[in-house]
Structure formats: C-alpha cells, structure tokens
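Worksheet for the structure shown next.
The values are calculated or read from the model by the stated rules, or taken from the named source; none is laboratory data. None of these values were measured; they are calculated from a predicted model. Heads up, the Cβs are rebuilt from the backbone with ideal geometry, glycines too, and the neighbour counts pull from every protein chain shown.
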Amino acid sequence: MATIQLPGRRRGLRDRLGQLHWMLIIMLSLLATAGVLTLYSVAGGNWQPWALQHAMRFTVSLGLLIVFGLISMRYWMALAYPIYFVALIALALVPIIGEVNMGAQRWIDVGHFQFQPSELMKVGLVLGLARYYHGLRPEQVSHILYLIPPAIMIGAPVGLVFIQPDLGTAMLLAATGLAIVFLAGLSWRLGLIGVLGAVAAGYSAYRFEILKPYQIERILTFMNPDRDPLGQGYHLLQSKIGLGSGGLAGKGYMLGTQSQLKFLPEMQTDFIFTIFGEEFGFVGAFVLLSIYYAIILMGIGIALRAKTHFARLTAMGIVVAFALYVLINTGMVMGLAPVVGVPLPLVSYGGTVMLTIMAGFGIVMSAHASRDHEGLS
Amino acid sequence: MARINSHDPERLEILSRRAFLFGSATTAAFAGIVGRLYQLQIADHDKYVKLAMDNQFNTRILTPLRGEILDRFGNVLASNRKNFRVLLMPDQTRDVEGALDKLAHVIELSPEKRDRLLRQIKRGGRFTPVEVQANLSWDEFAKLNYELPELPGAMPDVGETRDYPLGSAAAFVIGYVGAVTEEDLKSQETEADRVLLRQPGFKVGRDGLERTYDKELRGESGKMDVKVNAYGRVIEEVADRATPPTQGQTLVLTIDADLQQVAMRELEGESGAAVVLDVHTGDVLVLASTPAFDPNDFNVGINPDLWRELNSDPRHPLLNKPLGGVYPPGSTFKTISSIAAQIAGVKTSFSVSCSGKMWYGNRYFHCWKRGGHGGGINMRNAIKHSCDTYFYTVAKDLEIDIIADVAKKLGLGQTFELGIPGQKRGVVPSREWKRAYFAGSPQNQPWFQGETLSVIIGQGYVTATPLQLAVMAARIATGKEVRPRIVRMRGALDLPPQPFGNLDIDQSYFDVVRAGMSGVVNEPGGTAFPYRPTGVEWAMGGKSGSSQVYQISAEDRARGLTKQEELPWERRDHALFVSFAPFDNPRYACAVIVEHGIGGSRMAGGKTSAIMKAVMEKDPATRPAFDPRSLAQVNPQRQEG
C-alpha cells in the first residue's frame, strides 16, 4: 500500500468490520442466549411473552453495537458533550412531561416508544466526564477548582434521577461517575474525603427521611431477611431457596420448582439469575459469571490499549457501569446487596437497559477499532 | 492537542494503575459472589432443598361429609348439598383489606361482615383460610372464577353444607349446625379434631340430634399432599399418599317424616306440640312443635333480624315444646289419679254425686261443669265426664305420695334417653318435694291436703311435658314400662328396641282407666265424643285436659268476663289430649297440646283424631323399616347438588 491512508476514512467496510472485537461480541451474544433460554423456561416453555422478544431486541441491539463500533472515536468525542446535555435536559423534562409508572416518573413518550432519559444518561455521563478529563493535565485533576465541573456533571443527573424516584439508578450513576473521576487520577486523599462525604450524605438521607419508606424498608430487609417472611424479605428468601435447592448441577432446564411454581417474584427481570442458578446449578451459574468476568477483563484491556485518554476513560467508564450491574444484581439475589431493582445485563428481560448496554459496548468497540489508527488525534 | 499528548504517558500510567486496582476489586467481588454461590448451592444445599419442598407441598385436610339423618323409612331429614363458596388465603396476599375490597366488587360484602372477617383473620393467623361467603349462586360463582386473576388470595371452593329438606317440620328433632366457636375448639380432645374444626366453613351440631351425635355424624378427616404454587393453587394432587375422609355415620331415626308433617300441618298456626309413640317399641314416630324455626336458616349463619324475630315471638319458635315445654297436665292427670285412688283402696264402684262444687277447708272447689254431673258418678264415669267433684272427694283422704309414686311410674318427673338436648323433668309434687322446694320458708313446707285436691285434677304444682304425657298414655295402654327412643340405627349399629317389662302396678287397676278413656271418646256424653275419629274401623281411648293459665276472678266476673274466649290469648287455658289406639290392641299413643287452646277435647282432641287417623291409615309399625346395610345406594329421594 503506497498511499497514505487518512485514519479510518477510506478503509473498506469489510476491513473495518475486521477491526471489531469479535470475541467480545461472541461473549455478549452468549449472555443474550442465556437470557433467551431462561426466559423461555420462565414462561413455562413458551416463546411468549419474553423469550422471542428478547432475542429480537438483542438482534436489533447488536446491529446498533456494530454501527456504533464503526463510528470513529473522533466523532464520539465531538458528540460527548452534546449527548450529555441532551440526556440532562431530557431528565429535567421527566417531572414535567413524564409518564408515571409504578409510582415513579421515569419515562418520556417519544413518538411511538417510551424512552427513559436515565438510561441515556448512563452513557452520556461516561462520555461527558471522559471528554472533560481528556482536556485536563494530570496535576489539574486533583485541583479543587477542576473538581467543581465533574461534581456538577455527576450531581445534577443523580439528583434528577433520585427524585423520580429511582434509588438504584441514581446510585449506579453516582458510582459510575465517581469511578471515572477516580480512574482519571483523583488523589487518594480527596478520594477518601469523597467517600466519607458520601457516607455522611447517606446517613443524613436516612436520618432526615429523604429516602422513601420503601427504600428504607429494602435496606432494613437486606440487613435481616427473615424479619418478615412474606414481606420484603420474602423475595430474597425465595431467591435463596431457588439457588440453594439448585445445588451443584441444577434441577435441569425448565424443572426449577421455585420458578415454575411462581414462588419467585419478577423472575423475568431482577431475579433471573436465581432461575438460571436453580435450573443449571452451581456449574451453570459459575459459567455465566465467568462470561461476565471475561467481558469485564476484555473491556479493561480495550481501554488500556486505546489511543486517546477520552477513549480509555469512556471504555473504562462503560466497563465499570457494566460490572456494577452484574455485581449488584447477583449480590442482590444472593442476599449480599439490597434489593434495589437492578437487572442482570443482557439476561434480564427489558429493552431499554439492553439497548443502553449494547450502545455502550458499541462505543467500547469504537475505542477498540481506533486503537491503531487514531494515535494522532 | 500537542499539549495534551505530551501528558499522555503519565496519564496512561495513572489510569493503568487505577484500572488494575479496579480489575482487582472486581476479581475480589466475583470471588465473593462465587463464594456465596458455593455456600448457597453446595454447602447449604440440603437446607434449601427442604425449604423448596415445604414451599411446594402442603398437606390438605380432606373434610369428611357429615353423616345423613334419615327417618324410619330412609327419607332424608338431613343431608349435604353443594355449597359454592369463596375462601380467602391471607398468606397469599400482602394486603388483606385490599383483597377484601376487590372481592366486594364481585360479591356482596357488608362492612360488618368485612370487620368480622378481618377479626377472624387476625385470630386465625395468616395461614388459616377464611370463608368469605358461602352459598353463592352459580352465577356469582362463575363470575368469581372469571375475575379470579384480579383477586389476590381469593380461592373459589365447592364445599358441602347441611341441607334439611323438611325445613321447619323436623327442626326440633334434628336441630341444626353452626360455625365453630372458640369453646368448641377448646373442648376437642385431640389435635386432629381441632385441625378439622378449623377448616373453613366447618360446622358442628348446635342443637337436637345434630348436637348430641355431633361426633358420630362428623366422620373422620382425610389427608392429601398437594403440590401448590406460590398462590396456593393446587398444581398436582399426590393421590397415592392420600387418606380419604370417612363420611360420618348415618343416623336412622324412628320418626316417620310423613306423619311428622301431618302433625305439623295440624298444629299450624297454633303454639303447640304433638308426640306419637309406638307403644310396643317406644319408637317416637312424631315429635312436632309449632311454630318452628327453619334449620336451613341457621346453617348459613342466621341473619340478626330473623334471630331477634324468633326470640321475641310469644309463641316461642325456638322452644322445643314436646320436650322442653312444661304444662300443668290438667284433667289428663286424672288417669294417674284413678290408679292412685285404687292403690289407696278406693273401689271402682265407689260413686259420688256432683253438684258442680264441693266445700273443702275454707273454700269451694268447683267442678268444670257449672251445674254438676249429678249422681252416680263412679270412677269410670268420672274419667269419661272428667268430673272434678269425684276426684275432689277421693282426694280428701288420698295420700299425695301415692299419687306422686304413680305419676313417676307412668313417666312424669323424669327425662328419657332420647339424645335430644333440652328435656325438662316437670314437677311431680310430693311431701319430700315440697320440703325441698320450700327449704327457705319452713311454714310452707308441710303438705296441705287442700293441695292434693288441686294436684288430683292436674293443677297446682304438677307439671309435665308433652313427651311425658305421651309416655303416660302408652304405659296406661300397655301396662308396661314403655320408654321412648328416637335413634334406630347409628352407622351399621342396630339399636333394637328393648322389650318392656310390666309396670310395678297391679295390672287390673288399668282396666277402669282404659274403660273411662274409651268412654271419653266413644260414648255419647264423653268429653271428646264430638271430636272422635269417624269413618274408621278402630276405636281410640283418650283423655282431655284443660290446664288453667289464669283464674277468672270475682272482679272479672263482675266486669262481665266469664268466658275463656274473652281473655287475651296468653291467659287462656292450655288444651291437652292424651290417647291411644286401636283401643282393643293398642299400638300407638299420642299426646297433643295446644297452648291457650282452651278446650282440651275440642281443640286438642280434634287434632289428635286427625293425627291418629293418619297414623292408623299408614300404620308405620307394620311396615318394614329402612335398613341402610341392605341398601348400598342411599334412598332415591336423596337430593343432589
């Protein structure tokens, strides 16, 4: 090849597809397959109402991932702030024009489909913060003045999500945002102060009744699930029974009594890991967890090989958010974390979350694809 | 850009370190998750397997069908019918009140009932289902099933409830069943009984034979393991581990449902009682009491308005008059008096002349017949005409304890082993009785002979129940110690009639009494002659009685009130009649009382004739009685659903 190629531009589509991280795509597809299998079982051996829909959504999301992965990282950097602000404005609009659903206002109607601005914000916050730290010198990161913009960038959406109220997502957003600040190089001293401040804020939230009674109830139940066997702790107890009775090899596909007899609540979403663990046992659950673990390690690898600081931070931010989902959900169904309503990525039924995760990984793909070609951005 | 890139290696190094930290933390977290998974799925596996089994399998108590109660020919007096009902399983709904509110959209649910259910749930705990509504119509039941997905905790159920096809006609024999109370639960001997009684909608016998034979009728509960889902809906029945329930024992009674209904019709509109006995066996063929409640109303939980109405009715529809109503026997007692007189040495030929009144002590004793019966009234005629003066004369020298002894031998002053609660003893006055009765006022303790003059005509202290009077008639008719019974068979256990021995009374003393009783009915001049059964080939012996409720005083007479008919209903005399038939070879004895019916012969005698005609026409004693052992299938009259 004699001619100098401009980065990304003139390479053929085939060439560019080859640059995608196909192993990661296979891993993500395995997760979605596990989801379809489990949803088919939960429905008592029916494609309806979840399994087919899940498969179709994954196909669509996969297309989106590939498209996002083909977009050059330069464009993502250019779009970072706009996306963040669109998400923030949408979040601010929720209390005004949003739908009330299950006692919380989280949705906005856009044409024919409903859309959850908090999901867009999960990607938007990562992009915005990554973009911000891309422009900072290392010594500026821990400077108090340069901490004000990220504090506002994180605080504003977290506050808006919290008042919807959606404690789980607010906590996820806050944790993701803070993780990026930490990854960007925040000094340990400030990090420690921040953690202490968060604990103080959490305590005063409890003290001054900023949390809703059901949120406090969930945390108390988490502390002692046997407190009320048919109340909040019921879900957790049934989930533990499901997993525990699954044993080493599981009860067999479609033979989980806890799920088939409907002892578990929200089996298709938050408690899907229990069903999987009940039917496929410790072995199956371990394999599933290994896939998640592998995806996280791949994500870290992609981030560290990316050429720009923006790309690295973006990829890391998305991997962190993904890891938080997995750990909170699995911890929750086993009684290690409060029942906060966080789905298991790509396995739980639910379109918006799947779209968010696949979009996020699309950007991770983009970071991966640009590793060799955009060194001089 | 160049400015930034110049910092890149430094920033990359920081990020790498921090990313490594994050990766390590994630690895640790995954290790924790896997460790927890190991603990749940491998270390504590057995514990959770057991919990999962407990989740899935429930033991259901299979409620036994209550035993049926049949009449002597197998006609159903009490059985069971399908009861469409809705239960609430409190453990399957987080919000019991909300669940009830939703149910209230489908079925009627008054605020009082709602409160009662909430109390019941509080008392019974979350795991005891409660019966929200029983006896739903098919439409309501269908609607309920249709709406079921929207009704958390609701469980439609087809239960059994008691059915009394005769309604009020046999109310006092059968009794009724009612909901289980705390006292019922406490009085149970075994835990199994308590568990059974706690089943939703379970009923126990509250009165009558339903109460006495509650244990026998109840049956044995069965058990079945069922696989249930989280909402308690049965997914699978584990039949091979089930023990089926055993239906309660069938009670076959001596009652004849047809004749019982005849008697009830005869007494309709009156406040009265009728008892018919088979004098050979003691079988109670008829035990009628009017007015009567309908036990079907009690079955479903009686509504408070009806309950108040039943309680305040002056005709006492809740009083079992044949057994629990005590009345002065009036002139029917003269049968006993005649035997007592003979024991005391009065010859049957002894005769008096009746002028309509007799002076004794410090006052006149009046004969019921104002002008008197004239001369030549011997014992037989005294019975036939019911001449009070004759008995006053005899009473002057008659020892009260002899009368008391005869009265007891003929069935008064005692209760019988019938199995129906609420029997009264009545009063048979004697010297000893009076001493005990007036223990608090010694001046009243001695017996005064003037009191004998009242007792000898069945007034004063003496009282009896209609059942006792029927027994008296049967004993006079046979001279044997007839004892009534009402349960012929219990399950497969035949309870054959015991042969009765002769009464400890000289049999010849009965002759004149029977002859007098024939005169009452069959001879012109007899008090009941106008009301005798006509158009029949058999004769009846009988004795009328009118027992005083209110004595018309001198002032009343001055006001012009002389006739019973002019008195308010509740002050009029009771009308009584005792009888047996056929006269030549007695088989049936009967006692009838019409409260405040005034004329013993006219009112009670007329009704006796009608009842006795029906009895003689059917002649139940000669027909083969029902034996459930010979008939695997129950009587075709049995009602299904």
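Here are the numbers:
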quantity: Looking only at segment A:261-296, and only at residues there that are among the charged types (D, E, K, R) and either within 9 Å of chain B (Cβ to nearest Cβ) or in contact with a Phe, Trp or Tyr (Cβ under 9 Å, 6 or more places away or on another chain) (or both), the one that is surrounded by the fewest Cβ atoms within 10 Å (Cβ to Cβ); calculated: A:262
quantity: Neighbours by Cβ (under 7 Å, 6+ apart or cross-chain): first from segment B:367-378, outside the structural domain of residue B:525 (by TED's automatic domain parsing) and touching a residue at least 12 places away in the same chain (Cβ under 8 Å); second of a type in the set (Gly, Ala, Ser) and buried (at least 18 other Cβ atoms within 10 Å of the Cβ); calculated: none
quantity: Filter pass, residue B:76 being in contact with a helix residue (DSSP H, G or I) (Cβ under 6 Å, 6 or more places away or on another chain), under 30 Å from residue B:171 (Cβ atoms) and either of a type outside the set (D, E, K, R) or at pLDDT 85 or above (or both); calculated: no
quantity: Residue within segment A:233-250 that is at the interface with another protein chain (Cβ under 10 Å from one of its Cβ atoms), at pLDDT below 75 and either surrounded by fewer than 17 Cβ atoms within 10 Å (Cβ to Cβ) or out of contact with any Phe, Trp or Tyr (no Cβ under 7 Å at 6 or more places or on another chain) (or both) present; calculated: yes
quantity: Considering residues of segment B:305-354 that are hydroxyl-bearing (Ser, Thr, Tyr) and in a helix (DSSP H, G or I) only, the residue nearest to the chain's Cα centre (by Cα); calculated: B:312
quantity: Residue in segment B:32-45 that is part of a loop (DSSP other than H, G, I, E, B) and more than 7 Å from chain A (Cβ to nearest Cβ) present; calculated: no
quantity: Residue in segment B:407-423 that is of a type in the set (Phe, Trp, Tyr) and more than 22 Å from residue B:549 (Cα to Cα) present; calculated: yes
quantity: Enumeration of residues in segment A:125-168 that are among the aromatic types (Phe, Trp, Tyr) and either surrounded by fewer than 16 Cβ atoms within 10 Å (Cβ to Cβ) or closer than 25 Å to residue A:73 by Cα (or both); calculated: A:132, A:133, A:146
quantity: Some residue of segment B:70-91 being over 37 Å from the mean Cα position of the chain (by Cα) and over 30 Å from residue B:618 (Cα atoms); calculated: yes
quantity: Index of the failed condition, residue A:177 passing every other in (1) modelled with pLDDT of 65 or more; (2) more than 10 Å from chain B (Cβ to nearest Cβ); (3) outside any helix (DSSP H, G or I); calculated: (3)
quantity: Which listed residue is within 20 Å of residue B:588 (Cα to Cα) and part of a loop (DSSP other than H, G, I, E, B), from B:469, B:418; calculated: B:418
quantity: Test: residue in segment B:312-327 that is of a type in the set (S, T, N, Q), surrounded by fewer than 17 Cβ atoms within 10 Å (Cβ to Cβ) and in the same structural domain as residue B:383 (by TED's automatic domain parsing); calculated: yes
quantity: Per-region count, segment A:137-171, residues assigned to a loop (DSSP other than H, G, I, E, B) and in contact with a Lys or Arg (Cβ under 9 Å, 6 or more places away or on another chain); calculated: 5
quantity: Qualifying residue in segment A:331-338 (condition: under 27 Å from residue B:15 (Cβ atoms), touching a helix residue (DSSP H, G or I) at 6+ places or on another chain (Cβ under 8 Å) and part of a helix (DSSP H, G or I)); calculated: yes
quantity: Some residue of segment B:98-116 being in a strand (DSSP E or B) and more than 14 Å from chain A (Cβ to nearest Cβ); calculated: no
quantity: Conditions (1) modelled with pLDDT under 95; (2) touching a helix residue (DSSP H, G or I) at 6+ places or on another chain (Cβ under 8 Å): number failed by residue A:62; calculated: (1)
quantity: Residue list for segment B:539-559, restricted to those being hydroxyl-bearing (Ser, Thr, Tyr) and over 34 Å from the mean Cα position of the chain (by Cα); calculated: B:553
quantity: Residue among B:143, B:122 that alone is free of Cβ contacts under 8 Å to residues at least 12 places away in the same chain and either buried (at least 16 other Cβ atoms within 10 Å of the Cβ) or not hydrophobic (A, V, I, L, M, F, W, C) (or both); calculated: B:122
quantity: Index of the failed condition, residue B:230 passing every other in (1) modelled with pLDDT under 85; (2) in contact with a strand residue (DSSP E or B) (Cβ under 8 Å, 6 or more places away or on another chain); calculated: (2)
quantity: Hits in segment B:128-156 (condition: among the hydroxyl-bearing types (Ser, Thr, Tyr) and either at pLDDT 80 or above or part of a helix (DSSP H, G or I) (or both)); calculated: B:137, B:146
quantity: Residues satisfying the stated conditions in segment B:395-415, i.e. in contact with a Ser or Thr (Cβ under 7 Å, 6 or more places away or on another chain) and part of a helix (DSSP H, G or I); calculated: B:395, B:400, B:401, B:403, B:404
quantity: In segment B:90-119, residue nearest to residue B:200 (Cα to Cα) [restricted to those that are surrounded by 12 or more Cβ atoms within 10 Å (Cβ to Cβ) and of a type in the set (Gly, Ala, Ser)]; calculated: B:99
quantity: Residue in segment B:58-77 that is at the interface with chain A (Cβ under 8 Å from one of its Cβ atoms) and buried (at least 16 other Cβ atoms within 10 Å of the Cβ) present; calculated: no
quantity: Pairs, first within 14 Å of residue A:188 (Cα to Cα) in segment A:137-148, second part of a helix (DSSP H, G or I) and hydrophobic (A, V, I, L, M, F, W, C), C-beta under 6 Å, six or more apart; calculated: A:142/A:190
quantity: Test for residue A:256: is it within 11 Å of chain B (Cβ to nearest Cβ) and under 20 Å from residue A:336 (Cβ atoms); calculated: no
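Let's see how each residue does on (1) part of a loop (DSSP other than H, G, I, E, B); (2) modelled with pLDDT under 95; (3) within 17 Å of residue B:25 (Cα to Cα):
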{"residue": "A:296", "(1), (2), (3)": "no, no, yes"}
{"residue": "A:315", "(1), (2), (3)": "no, no, no"}
{"residue": "A:322", "(1), (2), (3)": "no, no, yes"}
{"residue": "A:328", "(1), (2), (3)": "no, yes, yes"}
{"residue": "A:372", "(1), (2), (3)": "yes, yes, no"}
{"residue": "A:377", "(1), (2), (3)": "yes, yes, no"}
